[in-house]
Amino acid sequence: MSGVSESFPAIGPVSASAERLLGDAGMRAWVVDSPGPITSRPLTFVRKAIPTPGADELLVQVSVCAVCRTDLHLAEGDLTPRAPGVTPGHEVVGRVVGTGADVSGYQIGDRVGIAWLRQTCGLCRYCRTGSENLCPASRYTGWDADGGYAEFGVIRADFAYRLPDGYSDAELAPLLCAGIIGFRALRRAALPPGGRLGIYGFGASAHLAAQVALVEGATVHVLTRSAQARALATELGATSVGDASDAPPEPLDAAILFAPVGTLVPVALQALDRGGTLAIAGIYLTDIPALNYERHLFQERNLRSVTANTRGDGTDFLAFAAEHPLTVHTTEYPLAGADQALRDLAADRVNGAAVLRVG
């Protein structure tokens with residue numbers, strides 16, 4: 001539970017810099033005011049109260065927040081905001097500047113990550129069996145509660161991530177959603193060892209998932225409409241690149257659809273070999289056209305969705321990133337440029353991941 005306050009109650013340690021800031025006019029933040037086309041400027045830049053951490057929460061001073069396509073869907077109304085005037089952003093890297101009274105294991109100054117999944121019930125059958133991403137009571141950063149397009153944020157300590165060394169804050173931020181979701185999507189695609197993987201769309205998540213697959217010995221074929229993204233895929237080691245509507249040069253054992261384009265579902269299914277699996281990685285997808293059973297699904301081709309992630313996915317992926325250094329391509333914007341970053345993302349002008357420099 002999080003409230004907001006103009007001053008910080010004495011419920012736990014607070015850094016000296018936070019003490020000075022917590023009594024001022026508040027923090028700078030973006031809010032989703034009136035969802036609509038990104039060209040209509042649905043986000044508003046405001047000052048709002050700095051959040052007060054609950055007893056089990058960390059107060060984090062935000063250093064950077066990556067920009068996710070989910071933020072764009074929220075701003076444009078494809079996802080209905082679940083809180084009025086919510087602040088987007090769920091790929092947050094920052095420093096702990098305050099802790100609730102019940103928090104242990106974190107110190108002032110620790111670098112931590114705040115990701116999409118921020119709360120589950122812990123009691124339902126999904127939580128009890130390792131599928132907390134399916135918890136009916138799950139809540140999400142930047143959708144149900146304020147996220148990282150702001151100077152401060154709060155997170156329950158047991159949902160915060162400890163981050164690997166060897167990466168800058170800007171490089172770490174995209175790992176916290178783009179990286180984790182790409183990692184889960186790759187596992188959902190059931191790619192066999194040394195298998196042939198097709199990737200449709202090549203943005204922030206795809207360029208990280210491709211690197212994981214390549215480290216694990218896969219052959220990777222990238223299909224995307226962006227010439228700039230095709231160049232990045234080649235640079236990272238893809239065996240082939242082509243337009244999103246092209247057929248790959250060989251049948252695929254697995255494919256991941258990152259582009260939120262339903263018309264690519266039959267295209268990707270038709271590219272699968274017998275027994276292959278297509279995983280759809282996004283939270284939003286335009287309508288899927290009618291499928292032909294024989295061409296698209298027969299011979300035991302599989303179609304799977306990906307719904308958020310578990311904390312286990314996050315810790316496993318960050319451990320992988322610590323052991324296998326990843327190349328994270330970022331384009332930086334100031335916090336005040338978040339609306340421009342979203343416009344560039346919508347127009348496919350971002351190569352890799354857009355990142356807001358906040359602190």
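Residues in the stretch 266-274 include none that are in contact (Cβ under 8 Å) with a residue 60 or more places away in the chain, within 17 Å of the chain's Cα centre (by Cα) and in a helix (DSSP H, G or I).
Of the set (1) surrounded by fewer than 24 Cβ atoms within 10 Å (Cβ to Cβ); (2) under 20 Å from residue 52 (Cβ atoms), all apply to residue 164 but (2).
Total residues in the stretch 331-347 satisfying the condition of being in contact with a helix residue (DSSP H, G or I) (Cβ under 8 Å, 6 or more places away or on another chain) and over 22 Å from residue 60 (Cα atoms): the figure is 6.
Is one or more of the residues making up the stretch 60-75 part of a loop (DSSP other than H, G, I, E, B), in contact with a Cys (Cβ under 7 Å, 6 or more places away or on another chain) and at pLDDT 90 or above? Spell out the reasoning first.
Keep residues of the stretch 60-75 that are part of a loop (DSSP other than H, G, I, E, B), which gives 68.
Next, from what is left, pick out any that are in contact with a Cys (Cβ under 7 Å, 6 or more places away or on another chain): 68.
Still in the list and also at pLDDT 90 or above: 68.
Yes - at least one qualifying residue is present in the stretch 60-75.
Identify, please: which residue in the stretch 275-290 is in contact with a Pro (Cβ under 8 Å, 6 or more places away or on another chain) and part of a loop (DSSP other than H, G, I, E, B) and is, among those, nearest to residue 309 (Cα to Cα)? Out of the qualifying residues, it is 282.
Residues that are under 17 Å from the mean Cα position of the chain (by Cα) and over 22 Å from residue 149 (Cα atoms) were ranked within the stretch 320-348; the one that is surrounded by the fewest Cβ atoms within 10 Å (Cβ to Cβ) is 327. Here is the figure for the stretch 310-347: residues that are under 23 Å from residue 262 (Cβ atoms) and either without any contact (Cβ under 8 Å) to a residue 12 or more places away in the chain or assigned by TED's automatic domain parsing to the domain that holds residue 216 (or both) total 1.
For residue 253, are the conditions met, namely being under 27 Å from the mean Cα position of the chain (by Cα), over 19 Å from residue 195 (Cβ atoms) and charged (D, E, K, R)? Steps first, answer last, please.
Numbers: under 27 Å from the mean Cα position of the chain (by Cα): yes; over 19 Å from residue 195 (Cβ atoms): no; charged (D, E, K, R): yes.
Here the answer is no, as residue 253 does not meet what is asked.
Among 195, 142, which is under 29 Å from residue 230 (Cβ atoms) and at pLDDT 95 or above?
Details: 142 fails: under 29 Å from residue 230 (Cβ atoms).
It is 195.
Determine, yes or no, whether residue 319 is under 23 Å from residue 143 (Cβ atoms) and of a type in the set (Gly, Ala, Ser). So residue 319 does not fit the description; no.
Taking (1) within 22 Å of residue 352 (Cα to Cα); (2) outside the structural domain of residue 115 (by TED's automatic domain parsing); (3) modelled with pLDDT of 95 or more in turn, residue 298 satisfies each apart from (1).
Among all positions in the stretch 92-114, there is no residue which is out of contact with any Ser or Thr (no Cβ under 7 Å at 6 or more places or on another chain), surrounded by fewer than 22 Cβ atoms within 10 Å (Cβ to Cβ) and assigned to a helix (DSSP H, G or I). Considering 217, 242, the condition of being at pLDDT 95 or above and loosely packed, with under 15 Cβ neighbours inside 10 Å is satisfied by 217 alone.
Return yes or no: is residue 353 closer than 21 Å to residue 36 by Cβ, surrounded by 22 or more Cβ atoms within 10 Å (Cβ to Cβ), assigned by TED's automatic domain parsing to the domain that holds residue 88 and touching a residue at least 60 places away in the same chain (Cβ under 8 Å)? Let's see the steps before the verdict.
Values: closer than 21 Å to residue 36 by Cβ: no; surrounded by 22 or more Cβ atoms within 10 Å (Cβ to Cβ): yes; assigned by TED's automatic domain parsing to the domain that holds residue 88: yes; touching a residue at least 60 places away in the same chain (Cβ under 8 Å): yes.
No; evaluated as a whole, the condition is false for this residue.
Pairing each residue of the stretch 121-143 that is closer than 23 Å to residue 88 by Cβ and of a type in the set (D, E, K, R) with any residue that is modelled with pLDDT of 95 or more and in a loop (DSSP other than H, G, I, E, B), provided the two are 6+ apart or on different chains, yields C-beta distances under 6 Å for 132/120; 132/310. Scanning the stretch 107-151 for residues that are hydroxyl-bearing (Ser, Thr, Tyr) and either under 24 Å from residue 335 (Cβ atoms) or not assigned by TED's automatic domain parsing to the domain that holds residue 75 (or both) yields a total of 3.
The values are calculated or read from the model by the stated rules, or taken from the named source; none is laboratory data. All values reported here derive from a predicted model rather than from experimental measurement. As a convention, Cβ positions derive from the backbone with ideal geometry for all residues, glycine included, and neighbour counts pool all protein chains shown.
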